[in-house]
Amino acid sequence: MAGATRVLAALGMTPRVLKTALAAGLSWELAILAGGGQHPYFAPLAAVLALDATVRSSLTRGLERVLGVATGILLAMALASVLAVTAFGVGLLVLAATALATRLRYGPSALTQVAISALLVRTVGLNVPGYALDRAADTLIGAAVAVILNAVVVPPDPTPRARDAMARLGRELAELMAQLGEGGSRARRRERLERARSVDRELALARARVEAARAALALSPLVRWREREVRRYLTGIATLTRAVAHVRGSARALARVVDARPAAPASALAAGERALLAWTDWILAPTARRRVRLARAVLALRREVHGALAQPGPRDPRALSARLAVVVDLEELAEDLGLAARRVADRPGRAAVRPRRG
C-alpha cells in the first residue's frame, strides 16, 4: 500500500488530486440523476473549486460558491427587464453584481461567482426553461460532494505537521538555552539574542499548525481519534509560548553585560536544556517512562535554580542583575513545564505524575 502511494505521489496523483477527480465525476452523475439535464457542468465545476486542503476550507468555499450562484441568479432575474444583452447592458450587470457582493461583504470567490452567474443566467439562461434553478441545484450538489468526500475519503490530517513543528521548536529552544550557558564574547551573545528573537517565526508556524489540527477535528469525523493528541498540543503550544519568552529574556539579560561568565548560571541553564528536551519528548508521546524522566528533569532544574540563588553573586551590579533575571526565567520555566505536565496528566485516562516542588 505504501509503495503504491509513493508511485501515485511521484505521478502527481496526491490524495487531493484523486479526490478532486472523484468529486467531479460523482457530482456530474448525481446532478444528472437529480434531473439537472444531460450537461450539468456547474456540478463538477463547483466540486473542483470547492475541494480544498482542509474540510473547513472546503465547506467555506462551497458555501461561498452556492451563495454567489444564488445571488447572481436572483440579480439577473431582477434586472432582466431593464438590461438588454448588449455591451453596455453586460457591463452594467457585472458592475451591479460585483457592487452588490462587495456591499454584502462576500468573500473573493463568492464575489466572482455572483458576477459569473448573473452574466450566464442573463445571456443564456433566460431563454432556457429551468436553467437558473438547475444551475443552482448543480452548484449545491457539487459543493456538497466536495465537502463530504474531503471529510470521509482520506481526510486531511494536519496533526503530523503540528507535531513536527512543535518538536522543532522545543529542541531549538533547548539548544539555544544550552548555548546561553557557554558565555562567549559579547558579539556572540548578541547573536544568540537575535536568534532568540527570530524563534517567534517558528512559534507562529507551530501555533498555526496546531490550530489547523484543531480545526480539522470539528469537521473530519475520521480524524476524531486525534482529539486527545491535539488537545495535548494546544496545552503544549501555550507552554512553548511562555518558554520562548523565558529564553529570550535570559538571552537579553546576558547580552547586556560585559562579561557573561559570572552572570550565567551554567549548570542551571544546562538543567533548563535537559528539562526542555524531556518536556518536548513527553508532550509528543506521553509514555510513563517519559513522564518520569520529565518529573526528574523539572525537579533537577528547580534544585539548580535554588543552588544558583544560594551561591554568592557577582560583585558587578549589572552582572548580578543579569544573573538574577536568568534565574527567575529558569524558575518560571520549571513551573510552566511542571504545570503543563500536570494539566495533561490529570485528564481522564492518564495517571498523573506530579513533579515535587523543590
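The values are calculated or read from the model by the stated rules, or taken from the named source; none is laboratory data. All figures in this text were calculated on a predicted structure; none of them were measured in a lab. Don't worry about glycine lacking a Cβ; one is built from the backbone with ideal geometry, like all the others, and counts go over all protein chains shown.
Numbers at a glance
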{"item": "Conditions (1) farther than 30 Å from Glu202 by Cα; (2) modelled with pLDDT under 90: number failed by Pro158", "result": "(1)"}
{"item": "Residue among Val353, Val305 that is out of contact with any Ser or Thr (no Cβ under 7 Å at 6 or more places or on another chain), at pLDDT 90 or above and either farther than 22 Å from Arg248 by Cα or in a helix (DSSP H, G or I) (or both)", "result": "Val305"}
{"item": "Residue satisfying condition, being of a type in the set (Lys, Arg), surrounded by 15 or more Cβ atoms within 10 Å (Cβ to Cβ) and either assigned to a loop (DSSP other than H, G, I, E, B) or in the same structural domain as Asn127 (by TED's automatic domain parsing) (or both), within set Arg65, Arg105", "result": "Arg65"}
{"item": "Considering residues of region 14-52 that are outside any helix (DSSP H, G or I) and among the small types (Gly, Ala, Ser) only, the residue surrounded by the most Cβ atoms within 10 Å (Cβ to Cβ)", "result": "Gly36"}
{"item": "Pick from region 177-189, criterion surrounded by fewer than 22 Cβ atoms within 10 Å (Cβ to Cβ) and touching a residue at least 12 places away in the same chain (Cβ under 8 Å), ranking: nearest to Arg214 (Cα to Cα)", "result": "Ala178"}
{"item": "Yes/no for Gly272 being in a helix (DSSP H, G or I), under 13 Å from Met177 (Cα atoms), assigned by TED's automatic domain parsing to the domain that holds Leu324 and not aliphatic (A, V, I, L, M)", "result": "yes"}
{"item": "Qualifying residue in region 217-230 (condition: at pLDDT 90 or above, among the aliphatic types (A, V, I, L, M) and over 30 Å from Val257 (Cα atoms))", "result": "yes"}
{"item": "Flag if Leu74 is under 35 Å from the mean Cα position of the chain (by Cα), hydrophobic (A, V, I, L, M, F, W, C) and surrounded by fewer than 20 Cβ atoms within 10 Å (Cβ to Cβ)", "result": "no"}
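Residues are listed down the side, and each one gets a yes or a no for (1) modelled with pLDDT under 90; (2) buried (at least 18 other Cβ atoms within 10 Å of the Cβ); (3) under 17 Å from Glu175 (Cβ atoms); (4) outside the structural domain of Ala174 (by TED's automatic domain parsing):
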site	(1), (2), (3), (4)
Thr239	no, yes, no, no
Pro262	yes, no, no, no
Trp279	no, yes, yes, no
Ala300	no, yes, no, no
